[in-house]
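Here the structure comes first, spelled out in structure tokens, and everything after it is commentary.
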Amino acid sequence: MASAMELSILDQTTLSPWYIRNILCFQFEDCSKRHQAVHQLKNGLQATFAHWPFLAGLVKPEHTHDYKRTGRHIVHYDTVAKDVERTKHFAADYQTENSFPWTYEDMLSDGMPASELKENAIVSLDWQQSIDGPLPITHVKVTFIKGGLFLAIYIHHLVCDGVGAAVVCKQFANNVRNRLTRSREGKALRDLSVTNNALFAVHTLTYEQRRTSKTPSRGHV
């Protein structure tokens, strides 16, 4: 069932109308477990959306005659979250050595240079979209490279501040860690998440996109 959530004046005026962006870097050497890791991450995100359905929604302009003046937005979502892959809230990608020449060890030894984390390669959002949306509230993408993976978690800033985004990430991690999956043979596989099958590289890039040149000036709400 469709529902709507109004954003407060505080949400509308003090937060940037774009994304809080986190890129988590993991060592992941066993290529045979990639499919299982993707499955586990997808299930964990699905469980997170079941807990907070609005995270699977869209931020849209409030269709009033004075939107151009106010810049007000509203959240639309389904109370029962749909499949996260079909709704494009979750994606997985496998970079080859030709498309991404760095190995995980190369990146790690070089201090995980942010300049090499090309967003077009590790995030599936369409950056040509206007902030006037509609835009997904949450987007998660796992990108595998040789010896590791990047887990990009993007949450719209009008819906979550930094503290709220941290709470969402913690819930997502717990859901991934605690989910049980079953193999095609019916055997239970416990915790096939990247959280338990890979070392966490102590390097998290948290930053907000600055679109000074592209973001139009907004009126007061």
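The values are calculated or read from the model by the stated rules, or taken from the named source; none is laboratory data. Computed from a predicted structure; not experimentally measured. Quick reminder, even Gly has a Cβ in these numbers, built from the backbone with ideal geometry, and neighbours come from all protein chains shown.
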>> Going residue by residue through the stretch 96-110, is there one that turns out to be modelled with pLDDT of 90 or more, over 27 Å from residue 177 (Cα atoms) and among the hydroxyl-bearing types (Ser, Thr, Tyr)?
In response: yes
> Among the residues of the stretch 155-176, which ones are surrounded by 22 or more Cβ atoms within 10 Å (Cβ to Cβ), of a type outside the set (Phe, Trp, Tyr), touching a Ser or Thr at 6+ places or on another chain (Cβ under 6 Å) and in a helix (DSSP H, G or I)?
Replying inline: 176
>> Can you tell me which condition residue 84 does not meet? The list is (1) touching a residue at least 60 places away in the same chain (Cβ under 8 Å); (2) under 22 Å from residue 139 (Cβ atoms), and all the others hold.
In response: (1)
> Out of the residues in the stretch 15-33 that are surrounded by 11 or more Cβ atoms within 10 Å (Cβ to Cβ) and part of a helix (DSSP H, G or I), which is modelled with the highest pLDDT?
Replying inline: 33
> Checking residue 5 against (1) more than 14 Å from residue 140 (Cβ to Cβ); (2) part of a helix (DSSP H, G or I); (3) in contact with a helix residue (DSSP H, G or I) (Cβ under 6 Å, 6 or more places away or on another chain), which test does it fail?
Replying inline: (2)
> Does residue 79 count as touching a helix residue (DSSP H, G or I) at 6+ places or on another chain (Cβ under 9 Å), buried (at least 21 other Cβ atoms within 10 Å of the Cβ), polar (S, T, N, Q) and at pLDDT 80 or above?
Replying inline: no
> Quick one: how many residues across the stretch 73-96 are within 12 Å of the chain's Cα centre (by Cα) and outside any loop (DSSP other than H, G, I, E, B)?
Replying inline: 3
>> Among (1) surrounded by 12 or more Cβ atoms within 10 Å (Cβ to Cβ); (2) over 20 Å from residue 91 (Cα atoms); (3) at pLDDT below 90, there is one condition residue 184 misses while meeting the rest; what is its number?
In response: (1)
